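K.L.:
I am attaching a structure below and will ask some questions about it afterwards.
The values are calculated or read from the model by the stated rules, or taken from the named source; none is laboratory data. This one's a predicted model, so the numbers in the text were calculated from it and none came from an experiment. Positions of Cβ are generated from backbone atoms using ideal geometry, with glycine treated the same way; all protein chains shown enter the neighbour counts.
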Amino acid sequence: MPWGVWWASSGPGTALEPRPRDAPAPGPEEAHLTPHGKLYSGRFGEGLLPELERFASSLDVDIELAPFDILGSLAHARGLHTVGLLSKGQLRAIEKGLGQISEELDSGRFAFQETDEDIHTAVERRLTELAPDAGARLHTGRSRNDQVSLDLRLYCRAVCAALTGGLAELVEAVAVQALRHADLAMPGYTHLQRAQPVTVGHHLLAHAEPLLRDADRVRSAYAAADRMPLGSGALAGSTLPLARELVAEELGFSSLTENSIDAVSDRDFALDLVYACASIGIHLSRLGEDVVLWASSEFGFVRLSDRIATGSSLMPQKKNPDIAELIRGRSGRAIGSLMALATVLKGLPLAYDRDLQEDKVAVFAAVDNALDCLEAARLMVENLEFDATRLAEGLDDDGLYATDSAEKLVTEGVSFREAHRRVAQQVRESSHRAPWGPARSVELRRLDVRARARAVRRRVVGMRRWAETHPPPVAISG
C-alpha cells in the first residue's frame, strides 16, 4: 500500500465483506450507538429502505481510508483529552480499542455489518463494542463532514509521497538510459517528419523533463492537502473548546483550515492530485507512443525485449509493444477521473453535499492507475534496447542536415534568409548534400546530454528524500 508507515494491509480491495443478512443481530453493547446502527439515526423512527441502503453505502470504496480514519480518531481523542472532554481512562480505552481495530482490519478479521454504511461508521461502531462508554464519546465535537475531509487529506498526503517515489524511479531509469546512449545519434522529428539529428540520450531526457514537472505538481497537491480541517464540524465549527492546533501537530499538518464552511466542502486538494495523475498519464502516454513508433518495422529503432513484449495468438512472427500501448491507453482512466471529479464539484452549494461521496471513486482510481503505470513505464524503459544500425540508416538522409547547411552559410557571412533560400532550392532540385555527418552535427549542437542526465539524477535524489520524509510519520500507539 502507498501509505506503508500507517497501514500494513494486504492492499486495496482486501476481502472485507459486510456481515451476511442472516448473521446474528447486534449485541446490546452496540445498541446504544443509535437505534439503527447509524451515527445519525436517533432522528429517525425507521431505517432506510434496504435497496437505498445499498445504493447509499460507500464502504466498498472508502475502506481504503481505514488507516487514516483510525489515525484521525486517535488524534481527535487526544485533543478531547487535552481540553478535559475525555478522562485519561477513556482516552486509554479509545487508544486500545482503535489499536485492536487496526489489527483486525490488517488481518482481515474485522467483522463488517450491514449497518456499516461507510468506514467511519464501521470503526466507531466497533470501537463502541470494545469500549462502550469511551467509544460513545469519540464523536464529540466532530462531524462526518470534517472527519471525511481529514481522512481524505491524510490519504492524499500519503499517496503524494508514493507518487513522488514512483516518478523518481522512472526518471532515474530514463536518466540511466540517457547516459548510456548520450552519443548515439538518431533522427529527430517534427510533424513525424525527419527534421534534425539529435541523440537517443537527448530524446529520452525530453521525456524526463515533464515527469520532473509532474513531481512538482504532486508536491503542490501535497501542500494543498496539508491543512487540518478537523474542528470545522458539520459546517459551523463547535461550541466546545477543541484543541485544533494540538490535533494538527499530532497528525503532522503544517497549518489549519481557516473557514469551517470551506473546510468541509473543499476538494480542491483532491482535484489538484487527480490533475497531477492525469498529467502523469498524458506524459506516460507520449512516452508509450514513442516506444510504439520506434518498435515498428517502419522505424526499427528499438528491439523489443521478450520481457516487455507479447505475441499474437494467430501470427507467429509478431512481437507487439503491448506494455507501451497499455500505458498509452490507460491515460484515459486518469483523464476520466479528472472529468468525473470536476463534474461532481461543479455547482455544488455550500457547505457539504452527499455528492462529495463520489470524490473518492475518482481519486482512488486516478492514484492507483498512476502508480501502476509509473511502475510499468519504469520496467519498460529499463528494458529498451536500441538498434544502432537502424538508427544509422535513419541518419543517412541529406535532408536532416539542411539546417546545418544554412547555418554554415551564416557563419560565412550569408544572411539567414538568403541561406535558407539557397538550401531550400538545393533540396527542391535534389542537389543538397550534408556538410558533415551526424557525429559532427550533434557535437556542434552542444546538447551536453551527460551533464543534464547527471543533473536529473541529482533531482531524483531530492525526490526520493522528500518521499521518504513526507508526510511525517504518525504512530498509532500513544
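K.L.:
Checking LEU287 against (1) assigned to a loop (DSSP other than H, G, I, E, B); (2) touching a His at 6+ places or on another chain (Cβ under 9 Å), which single condition isn't satisfied?
P.N.:
(1)
K.L.:
Taking interchain pairs and intrachain pairs at least six residues apart, which have beta carbon atoms under 6 angstrom, with the first residue in the stretch 349-368 and more than 17 Å from GLY233 (Cβ to Cβ) and the second among the hydroxyl-bearing types (Ser, Thr, Tyr) and assigned to a helix (DSSP H, G or I)?
P.N.:
Within 6 Å, the pairs are ALA362/SER337; ALA365/SER337; ALA366/SER337.
K.L.:
Quick one: would you say SER296 is over 15 Å from the mean Cα position of the chain (by Cα), at pLDDT 95 or above and surrounded by 18 or more Cβ atoms within 10 Å (Cβ to Cβ)?
P.N.:
Answer is no for this residue.
K.L.:
For the stretch 227-248, does any single residue satisfy the condition of being under 23 Å from the mean Cα position of the chain (by Cα), among the small types (Gly, Ala, Ser) and either at pLDDT 95 or above or closer than 30 Å to LEU170 by Cα (or both)?
P.N.:
No: the stretch 227-248 contains no residue that is under 23 Å from the mean Cα position of the chain (by Cα), among the small types (Gly, Ala, Ser) and either at pLDDT 95 or above or closer than 30 Å to LEU170 by Cα (or both).
K.L.:
Evaluate the stretch 101-111: report whether one residue or more is outside the structural domain of LEU251 (by TED's automatic domain parsing), in a loop (DSSP other than H, G, I, E, B) and within 24 Å of PHE253 (Cβ to Cβ).
P.N.:
For the stretch 101-111, residues outside the structural domain of LEU251 (by TED's automatic domain parsing), in a loop (DSSP other than H, G, I, E, B) and within 24 Å of PHE253 (Cβ to Cβ): absent.
K.L.:
Assigned by TED's automatic domain parsing to the domain that holds GLU385 and assigned to a loop (DSSP other than H, G, I, E, B): which single residue out of GLY231, GLY201 fits that description?
P.N.:
GLY231
K.L.:
Separate question: With the structure loaded, tell me whether ASP216 is modelled with pLDDT of 95 or more, charged (D, E, K, R) and in contact with an Asp or Glu (Cβ under 8 Å, 6 or more places away or on another chain) or whether it fails that test.
P.N.:
Criteria not met by ASP216.
K.L.:
Within the stretch 186-194, does at least one residue satisfy the condition of being surrounded by fewer than 22 Cβ atoms within 10 Å (Cβ to Cβ) and either touching a Pro at 6+ places or on another chain (Cβ under 7 Å) or among the acidic types (Asp, Glu) (or both)?
P.N.:
Yes - at least one qualifying residue is present in the stretch 186-194.
K.L.:
Here's another thing I want to ask about it. Given the structure, is ALA453 more than 23 Å from PHE68 (Cα to Cα), hydrophobic (A, V, I, L, M, F, W, C) and surrounded by 14 or more Cβ atoms within 10 Å (Cβ to Cβ)?
P.N.:
It is true that ALA453 is more than 23 Å from PHE68 (Cα to Cα), hydrophobic (A, V, I, L, M, F, W, C) and surrounded by 14 or more Cβ atoms within 10 Å (Cβ to Cβ).
K.L.:
If you check ALA467, ALA453, ALA434, which single one turns out to be small (Gly, Ala, Ser), in contact with a Gly (Cβ under 9 Å, 6 or more places away or on another chain) and not in a helix (DSSP H, G or I)?
P.N.:
ALA434
K.L.:
Evaluate the stretch 306-320: report whether one residue or more is assigned by TED's automatic domain parsing to the domain that holds LEU163, surrounded by fewer than 20 Cβ atoms within 10 Å (Cβ to Cβ), touching a residue at least 24 places away in the same chain (Cβ under 8 Å) and of a type in the set (Ser, Thr, Tyr).
P.N.:
No: zero hits.
K.L.:
Before we move on, is LEU287 under 27 Å from the mean Cα position of the chain (by Cα), surrounded by 16 or more Cβ atoms within 10 Å (Cβ to Cβ), of a type outside the set (D, E, K, R) and assigned by TED's automatic domain parsing to the domain that holds ALA377?
P.N.:
The answer is yes for LEU287.
K.L.:
If you scan the stretch 437-450, which residues turn out to be in a helix (DSSP H, G or I) and surrounded by fewer than 18 Cβ atoms within 10 Å (Cβ to Cβ)?
P.N.:
ALA439, ARG440, GLU443, LEU444, ARG445, ARG450
K.L.:
Which residues, counting only those in the stretch 134-150, are β-branched (Val, Ile, Thr) and surrounded by fewer than 21 Cβ atoms within 10 Å (Cβ to Cβ)?
P.N.:
Residue satisfying the conditions is THR140 alone.
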